[in-house]
Amino acid sequence: MRTLSLYQEGDSIIHKIDPITKIIFVLITILIPIIMGTLNSAFAFLIISLTLVIIAGVIKKVLPIVGFTSIILVTVIIIQGLYYFNNRTPFFAIGTVVFYKEGLLYALEIILRIYSIINSVSLLMFTTKPSDLVEALVKKGLSPRIGYVFSSVLQIIPQMMSTVDTIIDAQRSRGMEVEGSFSRRIRAFIPLIGPAVISSLIDTKERAMALEVRAFNSRYKKTFLNEGTTFKYADVMQVSLISILIISIVLRFVH
Amino acid sequence: MSEIEVRNLHFSYTKGQEVLAGITLDLNLRPTAIIGQNGAGKTTFVKLLKGLLKPTEGDIFVKGYNTKEKSVAFLARYMGLVFQNPNDQIFKSKLIDEVMFGPLNIGQDEKTAKRNSLEALDLVGLRNRINENPYDLSLSDRKLVSIASILAMDTDIVVFDEPTIAQDYRGKEKIKDIIRYLKDKGKLVITIIHDMDFVAETFERVIVFNRGKVLLDGDTRFVYSYRDKLRTASLEQPYVMQLAQKLHIGTPLLTVDEFTDWFNKR
């Protein structure tokens, strides 16, 4: 069955780390630069997460995301460079438009933070199977229902996409033009969306029944089919990551 | 000119993995069944005929038009295709509107479309339910709606993808009648199907697909007499024919009627 997944097969050390540790790492790359609020901390986390991405061997997959985000981040440079409220020192000017040093530095910090978040989230998504991720969360106490919602969405979306393809074919076979002018495309919308919605409702009903006959709502404590990959140093890593977080909070208040 | 001409047809979804590997054949007015195991390329072949997919090599001519050069909507005037799952097409809240959607799309005027639609619904036995919501009908009746919605387009070629799925005896008989009716009207009927007994009773020509190639092609009786070749394609003969062989009856009997005739004359 096709699933919507960014997971890349691999056998790097990063692939072997358990999902929970990776989630904690993601949280830390988001939180610490915000807590510390310095350019150095943002830069440090960018370097760390970038190194990990390279070790995991998924840098090629991350680059397009970085590229796409850069287009948006250009606006951050422009807006903060021009209008940051602390703007005092002019840095350079294009014609009459003046960019300020404070704003540009602030923009740089935002950009570094965002890139390191992208790196660490990519690290999680590209090196963890979605099913492993959900299972790890359920083992940690996430309700199995919510866990199912997450994992089912990943399966249902590709399934809906192939249903929509079939519907498009079926309506084209009845002489409906789906290509061409804008108004023609709009007119084609209802014959496509109608069956798509109805068949996904039917699918949902059947899925619910199929789950229920296998005691999905049973109140007994659930056991797990997969033992899951255990990572030897998971505890050590988690404790140290959380310690780093605490240290950064303490440092922040000391200063 | 044949209704459909297929010339050296090759097709692959992913490069290097040919789903269809060199098919050349003509389809003319004999009702034709395409059989073969799952993955033999039957549905792909039909989608190519309809122009929903374009050949990676070779050409298909439908009524003289090369499918590579014409849009699916254009070809819809000449060829109707009934999909497996009626839920993939039904979107109107009234049966009659659903059936009239195709005819209106291919340029029939309101009056002709209505007349053709009523006729088609009559043929499938749903004439008295034209104002109902298609989704209030059972799945097998919805399948008949989807058949009617293609018949109403009054195309010279009608293709069915697995018409007998989810049909009981009565439904199958109805579909059999429809296919014979279309044949009598001088239309080409092509069907993808797994029900060998249904094929034996309804179709005159059988084409066996195996691994993207045509394994056998000819009169129904001729094709079904090749037991061993059919086995290589994971297909079996119609039950009556198997029975006739087990009883060492010399003539290859195809249908229950043929068998009873033979039995009574004995």
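The values are calculated or read from the model by the stated rules, or taken from the named source; none is laboratory data. None of these values were measured; they are calculated from a predicted model. Virtual Cβ from ideal backbone geometry, glycine too; neighbours counted across all protein chains shown.
Worth pointing out:
- Subset of region B:8-23 (residues that are farther than 15 Å from B:T67 by Cα and of a type outside the set (A, V, I, L, M, F, W, C)): B:S12, B:Y13, B:T14, B:K15, B:G16, B:Q17, B:E18, B:G22
- Some residue of region A:41-60 being in contact (Cβ under 8 Å) with a residue 24 or more places away in the chain and basic (K, R): no
- Flag for B:Q84 being closer than 23 Å to B:D136 by Cβ and not aliphatic (A, V, I, L, M): yes
- Inter-residue pairs, beta-carbon under 9 Å, first of a type in the set (S, T, N, Q) and in region A:99-117, second in a helix (DSSP H, G or I) and buried (at least 20 other Cβ atoms within 10 Å of the Cβ), 6+ apart: A:S116/A:T29; A:S116/A:P33; A:S116/A:A42; A:S116/A:F45; A:S116/A:L46; A:S116/A:S49
- Here A:I157 fulfils each of the conditions (1) among the aliphatic types (A, V, I, L, M); (2) free of Cβ contacts under 8 Å to residues at least 24 places away in the same chain; (3) part of a helix (DSSP H, G or I) apart from (2).
- A:R184 basic (K, R) and either surrounded by 11 or more Cβ atoms within 10 Å (Cβ to Cβ) or touching an Asp or Glu at 6+ places or on another chain (Cβ under 9 Å) (or both): yes
- Of the helices (runs of 4 or more DSSP H) lying entirely inside region B:84-167, those containing at least 3 residues that are touching a residue at least 60 places away in the same chain (Cβ under 8 Å) and within 14 Å of chain A (Cβ to nearest Cβ) span B:139-151.
- Residue, farthest from the other protein chains (Cβ to nearest Cβ), within region A:161-215, restricted to residues that are part of a loop (DSSP other than H, G, I, E, B) and in contact with a helix residue (DSSP H, G or I) (Cβ under 9 Å, 6 or more places away or on another chain): A:A188
- Residue match in region A:116-139 (condition: of a type outside the set (A, V, I, L, M), outside any helix (DSSP H, G or I) and either within 14 Å of chain B (Cβ to nearest Cβ) or in contact with an Asp or Glu (Cβ under 7 Å, 6 or more places away or on another chain) (or both)): no
Residue by residue, here is whether (1) charged (D, E, K, R); (2) more than 21 Å from B:T43 (Cα to Cα) holds:
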site	(1), (2)
B:M153	no, yes
B:D156	yes, no
B:D161	yes, no
B:Q167	no, no
B:R170	yes, yes
B:Y181	no, yes
B:D184	yes, yes
B:I190	no, no
B:D195	yes, no
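- Number of the exception - A:N87 against (1) surrounded by 15 or more Cβ atoms within 10 Å (Cβ to Cβ); (2) at pLDDT 90 or above; (3) over 24 Å from A:T230 (Cβ atoms): (2)
- All positions within region B:203-232 that are crowded, with 19+ Cβ neighbours inside 10 Å and either not in a strand (DSSP E or B) or not assigned by TED's automatic domain parsing to the domain that holds B:Q37 (or both): B:F203, B:G212, B:T220, B:V223, B:Y224, B:L230
- Candidate set: region A:172-199, residues that are polar (S, T, N, Q) and without any contact (Cβ under 8 Å) to a residue 12 or more places away in the chain; chosen: the one farthest from B:D97 (Cα to Cα): A:S181
- When region B:70-82 is filtered for residues that are over 17 Å from B:E3 (Cα atoms) and either at pLDDT below 90 or in a helix (DSSP H, G or I) (or both), the ones remaining, listed by number, are B:S71, B:A73.
- Scanning region A:1-35 for residues that are part of a loop (DSSP other than H, G, I, E, B) and among the aliphatic types (A, V, I, L, M), we see that the one that is modelled with the lowest pLDDT is A:M1.
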